[in-house]
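Asks: Before we start, here is the structure in question, set down as structure tokens.
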Amino acid sequence: MIRALLWDVDGTLAETERDGHLLAFNRAFAALELPWRWSSAYYGELLQVSGGYERLLQDLASRADAPPGEQARAALARRIHTLKNELYAAIVGRGELPLRAGVAELMADCRGARLPMGIATTTSRANVDALLRCHLGESWRTQFAAVICAEEAPHKKPDPEVYRLALAALAVPAAQAVTIEDAPAGVAAARAVGIRVVVTRSHYFPEDGSAVLAAGPSLGSSHGWQPAAEPGASRIGLAQIVRWHARYGWE
Ligand code: XBP
């Protein structure tokens, strides 16, 4: 039995890394008259580091033209990161970042079944607010029983803190929750506390999920899933996730 469905945000609800954060980082560099630009391939490598601020620190540490001292680099990273998040919110606010296929429908399934939903992300709360306000409206927060972001969980994925806090807020045991994730760090964080994971592969994380409930290309299609989804279904709905969860319980 499932008693809660959790959602990761970046890459899972929308292709936020490719179509939002990367653009916003590069626009922040330009606005601050910094000569740096991140390519899509390089950003893919930087995504090994969770957290936009931490990603900036990692990049600055390898640049000969970055400020030499640790404190100066941290201050610059803070400035860039703040501006990046403003520019990200602007991209989202203009409606340029659609939800991934099947996301709105699965949320509607949960609401229809009165299944509590939670957000478990280590992105900043302002970014989550911008994205969900745009797609679910001003009162988006009321649709989620728990919303845990970087502010509550500063130890970022793969640290399990965010999932531990989400389970506590939902008051649901790990074995009765399922989370939707795209990245190995998120899968590791959820699994570390015993939450079963459905992986929707994303642009930067196209690899197969291992040791997960199911992995596939998109909630918007029943094709390409492992284990296979019910034939004939047009998308991955709550009933399919409940079936995968039940099957896992028997093995
Ligand atoms: C994704 C992240 C975030 C975003 C950028 O976390 O690592 O850092 O890339 O957001 P999750 P910030 O997969 O848990 O959603 O700049 O706010 O960190």
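The values are calculated or read from the model by the stated rules, or taken from the named source; none is laboratory data. None of these values were measured; they are calculated from a predicted model. A quick note on method: Cβ atoms are made from the backbone with ideal geometry, for glycine too, and the neighbour counts reach across all protein chains shown. Each accessible area value is taken on the protein alone, full model and side chains, heavy atoms only, with ligands, DNA and RNA left out. Shrake-Rupley method; radii C 1.70, N 1.55, O 1.52, S 1.80 Å.
Asks: I'd like to compare 50-61, 85-96: which one has the highest average count of other Cβ atoms within 10 Å, and what's the full order after that?
Replies: The packing order, highest mean first, is 50-61, 85-96.
Asks: Ranked highest first by the average count of other Cβ atoms within 10 Å around their residues, in what order do 165-177, 103-115, 2-14, 183-195 fall?
Replies: 2-14, 183-195, 165-177, 103-115
Asks: Determine the percent antiparallel among the DSSP beta bridges restricted to the chain, to the nearest 5.
Replies: Percent antiparallel among DSSP bridges in the chain is about 5.
Asks: Another question, if that's okay. Among DSSP beta bridges whose residues both lie in segment 159-251, state the antiparallel percentage, nearest 5. Don't jump to the answer; show the numbers that get you there.
Replies: Details: 1 of 8 bridges.
Expressed as a percentage, antiparallel bridges in segment 159-251 total about 10.
Asks: Continuing with the same structure: Which part of segment 135-169 falls in the paramagnetic zone of Ala104, meaning amide N under 17 Å from the point 7 Å along Cα-to-beta-carbon?
Replies: Counting backbone N atoms under 17 Å from the label point, the list is 135-141, 143.
Asks: Identify the residues of segment 115-138 with backbone N under 19 Å of a label point that sits 7 angstrom from the Cα of Gln176 along the Cα-to-Cβ direction, or state none.
Replies: 115-119
Asks: Excluding Ala174 itself, calculate the net charge of residues whose Cβ lies under 11 Å from the Cβ of Ala174, where each Lys or Arg counts +1 and each Asp or Glu counts -1. Don't jump to the answer; show the numbers that get you there.
Replies: Numbers: positive: Arg3, Arg164, Arg191, Arg196; negative: none.
Computed value for this residue: +4.
Asks: 7 Å from Cα along Cα→Cβ at both Arg133 and Arg114: what's the point-to-point distance in nm?
Replies: Here the answer is 3.1 nm between the modelled labels.
Asks: What accessible area per residue comes out for segment 17-93, rounded to a whole number of Å², with a 1.4 Å probe?
Replies: With all protein chains present, segment 17-93 gives 49 Å² per residue.
Asks: Just to confirm the number: angle between the C-alpha axis of helix 125-136 and the first principal axis of the chain, 0 to 90 degrees, nearest 10?
Replies: That helix lies at roughly 50 degrees to the long axis.
Asks: What is the local net charge at Ser139, summed over the other residues whose Cβ is closer than 15 Å to its Cβ (Lys, Arg +1; Asp, Glu -1)?
Replies: Once all neighbours under 15 Å are counted, the net charge is +1.
Asks: From the residues Ile180, Gly216, Pro231, which one has its Cα farthest along the dipole of segment 98-251 in the positive direction, the dipole being from +1 and -1 charges on Cβ of Lys/Arg and Asp/Glu about the Cα centre?
Replies: So the residue furthest toward the plus end is Pro231.
Asks: Taking Cα centroids, how far is segment 57-99 from segment 115-149 in Å?
Replies: Spelled out, the Cα-based centre of one part sits 22 Å from the other.
Asks: Roughly speaking, what is the stretch gain from Ala41 to Gln226, that is 0.36 nm per residue apart minus the C-alpha to C-alpha distance, in nm to one decimal?
Replies: Taking 0.36 nm per residue and subtracting the Cα distance, the gain is 63.9 nm.
Asks: Using heavy-atom solvent-accessible surface (probe 1.4 Å) with all chains present, what is the largest-first order of Lys84, Lys156?
Replies: Heavy-atom accessible area, descending, gives Lys156, Lys84.
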